[in-house]
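Worksheet: one structure, shown below.
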Amino acid sequence: DIFIGVSVPGVRQVAKKYYKEISLTDLQTILHSKIHEERLLALIILVMKYQKATDKKQKQTFFKFYLKNLKWVNNWDLVDTSASYIV
């Protein structure tokens, strides 16, 4: 992993600011980054979107997206941040 030194609270702050605006296409681009903190950001946003989803179809869409992109959930903290909330 490539780390750039952004703290988890800093990543969460960015996620809160932008989670409503980011599409799944954009999330996939961020999740495929070589930068660890960017992947963390994508997963935090995905969890937020999943938790705020109002129907089962939305939740299913986020669940399928998560499973499709598991290759990039490749560190213990990324798993801890996302798996228990989405799966």
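The values are calculated or read from the model by the stated rules, or taken from the named source; none is laboratory data. Note that the coordinates shown come from a computational prediction; the quantities given were computed from them, not determined experimentally. Cβ placement follows ideal geometry from the backbone for every residue including glycine, while neighbour counts extend to all protein chains displayed. Accessible surface areas use protein heavy atoms only, side chains included; no ligands, DNA or RNA. Shrake-Rupley method; radii C 1.70, N 1.55, O 1.52, S 1.80 Å.
If you go through the stretch 47-87 and keep only what is among the hydroxyl-bearing types (Ser, Thr, Tyr) and open to solvent by 30 Å² or more (accessible area, probe 1.4 Å), you end up with TYR50, THR54, THR61, SER84, TYR85. Scanning for something free of Cβ contacts under 8 Å to residues at least 60 places away in the same chain and at positive phi, does the stretch 53-71 turn up at least one residue? No - not one qualifying residue is present in the stretch 53-71.
Does VAL6 satisfy being touching a helix residue (DSSP H, G or I) at 6+ places or on another chain (Cβ under 8 Å) and assigned to a helix (DSSP H, G or I)? No. Scanning the stretch 6-46 for residues that are more than 25 Å from LYS59 (Cβ to Cβ), open to solvent by 30 Å² or more (accessible area, probe 1.4 Å) and touching a residue at least 12 places away in the same chain (Cβ under 8 Å) yields VAL6, LYS34, ILE35.
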